[in-house]
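Here's the structure we're looking at; comments come further down.
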Amino acid sequence: MHAGYWVHVVLHERPTFEAVISWIDFQTVGLLFGMMIMVGIFSNTGFFEYSAVKAYKFSRGNMWYLTVILCTFTGCVSAFLDNVTTILLIAPVTMRLCRVLEVAPEPLLIAEVMFSNIGGTATPIGDPPNIIIVNDPRVMAHPDINFGTFTLHAAPGVILAAIVVFCYLYILQRVRQLSLSLSLAC
């Protein structure tokens, strides 16, 4: 629907119930509903807790390595599950892990949220706007646009964003460590 239609609706008349129902993209709603079911199953299996423990073991206690591992894991999972749902599952695990390590969870949670958004952008099913774009009839009618081509075209931007955010997080962590060292020295 174009913007003129919306202005007309706001200024003149209410849409009918049938018109409102016709605006719902049931394919998108169905895909998101299916993802929520998958996440409900995943949350009961302990998969995310197991992954967090493995990430800690791989990092060998190094917070930078742990950040890289958890952010990469979050981005990869968000590429195939809805990014908001991924954060709803990863955040409690991260907070428990940070409590055990006696570190503040906020910087790690913010980093995971950034990588959830980056990872969700990589595929047609990782982010609700991507789902809407791919389900547009004009896009669906184009035979050359599929999961692989979408991901391939999004990959350069996703990789560039991931590199920039990792550099930013590294600089922030170094500044935080330096300020902590200076405060302890005083």
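Since every read-out is calculated from the coordinates, none of them should be taken as a lab result. Given the structure is predicted, the values throughout are model-derived calculations rather than measurements. Quick reminder, even Gly has a Cβ in these numbers, built from the backbone with ideal geometry, and neighbours come from all protein chains shown.
Pop out the ³J(HN,Hα) list for region 151-167 in order, Karplus 6.51 cos²θ - 1.76 cosθ + 1.60 with θ = phi - 60°, rounded to Hz; leave Gly and Pro as x.
5, 4, 6, 7, 4, x, x, 5, 5, 4, 4, 5, 5, 4, 5, 4, 4
What do you get for GluC sites (Glu not before Pro) in region 3-88 restricted to DSSP loop and a cutoff of at most 13 other Cβ within 10 Å of the site's Cβ?
Filter output for region 3-88: Glu13.
In whole Hz and in residue order, list the ³J(HN,Hα) couplings for region 98-105 that follow from phi through the Karplus curve 6.51 cos²θ - 1.76 cosθ + 1.60, θ = phi - 60°; x for Gly and Pro.
Rounded to whole hertz, the list is 5, 5, 5, 7, 6, 10, 5, x.
Which FRET efficiency, nearest 0.05, do Val53 and Ile24 yield, Cβ-Cβ r, R0 41 Å?
0.50
With an 8 Å cut-off on Cα pairs and a minimum separation of 6 or more residues, tell me the relative contact order of region 37-111 in percent.
Dividing the mean separation by the residue count of region 37-111 yields 31 percent.
Taking R0 as 45 Å, what FRET efficiency do you get between Glu102 and Glu13 from their Cβ-Cβ distance, rounded to the nearest 0.05?
0.15
For region 26-185, calculate the relative contact order in percent as a whole number, restricting contacts to Cα pairs under 8 Å that are 6 or more residues apart.
Across region 26-185, relative contact order equals 22 percent.
Across region 83-95, in residue order, what do the Karplus-derived ³J(HN,Hα) couplings come to in whole Hz, using 6.51 cos²θ - 1.76 cosθ + 1.60 with θ = phi - 60° and x for Gly and Pro?
5, 5, 5, 4, 5, 4, 8, 7, 4, x, 5, 4, 5
Nearest 500 deg cm²/dmol is fine: what mean residue ellipticity at 222 nm does the chain get from its DSSP H runs of n ≥ 4 alone, each adding -39,500 (n - 2.57), divided by its residue count?
My calculation for the chain gives -27000 deg cm²/dmol from helical runs alone.
Past the 22 angstrom mark, what percentage of all C-alpha to C-alpha distances in the chain do you count?
Result: 58 percent of Cα pairs exceed 22 Å.
Select from Leu97, Thr45, Val29 the residue farthest towards the positive end of the dipole of region 26-185; place +1 on Cβ of Lys and Arg, -1 on Cβ of Asp and Glu, and compute about the Cα centre.
Leu97
Calculate how steeply helix 63-80 sits against the longest principal axis of the alpha-carbon atoms of the chain, using the helix alpha-carbon long axis, and give the answer as 0 to 90 degrees to the nearest 10.
So the inclination is approximately 20 degrees.
Between Leu160 and Met140, with labels modelled 7 Å along Cα→Cβ, what's the label distance in nm to one decimal, could you check?
3.2
What dipole magnitude, in Debye to the nearest 20, does the chain give about its Cα centre under +1 on Lys/Arg Cβ and -1 on Asp/Glu Cβ?
Rounded to the nearest 20 debye, it is 780 debye.
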